[in-house]
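Reviewing the structure listed below.
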Amino acid sequence: MAYCRNCGSEVSDEAVVCPHCGVQVKELAKTKSGAHIVDSGGFGWGLLGFCIPVVGLVLYLVWRYDRPLTSKALGIGALVGFISSIIIYVVYFIFFFDYLYLY
């Protein structure tokens, strides 16, 4: 077991990022071409997951080990998008379902 240079917590030997503080503890993985993988975890990925939750879930599952920050943003966006759509459907059926059949 290794220790994080930033927070001092124990980190698995395979971890690239500290699970407690998010600081990089290992060199980023390289692609076949030798370029570094950019793992920004930006707002755009979360927005994509929110707007299209299925794509967010699939990309989360594909990138969860290679790009942990980006996959976390996608997963959170997909979860929030899915829960929001369920709430919207429930509210719609509670308030407008009876209204449509009364008139």
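Do the conditions hold for Ile87, that is, is it more than 22 Å from Pro19 (Cα to Cα), at pLDDT 90 or above and assigned to a helix (DSSP H, G or I)? Considered against the rule, which asks whether it is more than 22 Å from Pro19 (Cα to Cα), at pLDDT 90 or above and assigned to a helix (DSSP H, G or I), Ile87 comes out as yes. Close contacts from the range 53-67, counting a first residue that is within 18 Å of Val17 (Cβ to Cβ) and a second that is of a type in the set (Gly, Ala, Ser) and not in a loop (DSSP other than H, G, I, E, B), with Cβ to Cβ under 6 Å and a gap of 6+ residues or different chains, come to Tyr60/Ser71; Tyr60/Gly75; Trp63/Ser71; Arg64/Ser71.
Does the range 72-79 contain at least one residue that is at pLDDT 85 or above, of a type in the set (Val, Ile, Thr) and under 10 Å from the mean Cα position of the chain (by Cα)? The answer is yes; a qualifying residue exists.
Picking from residues in the range 71-99 that are small (Gly, Ala, Ser) and over 12 Å from Val54 (Cα atoms), the one that is surrounded by the most Cβ atoms within 10 Å (Cβ to Cβ) is Ala73.
The values are calculated or read from the model by the stated rules, or taken from the named source; none is laboratory data. Note that the structure is predicted; figures quoted are calculated from it, not measured. Positions of Cβ are generated from backbone atoms using ideal geometry, with glycine treated the same way; all protein chains shown enter the neighbour counts.
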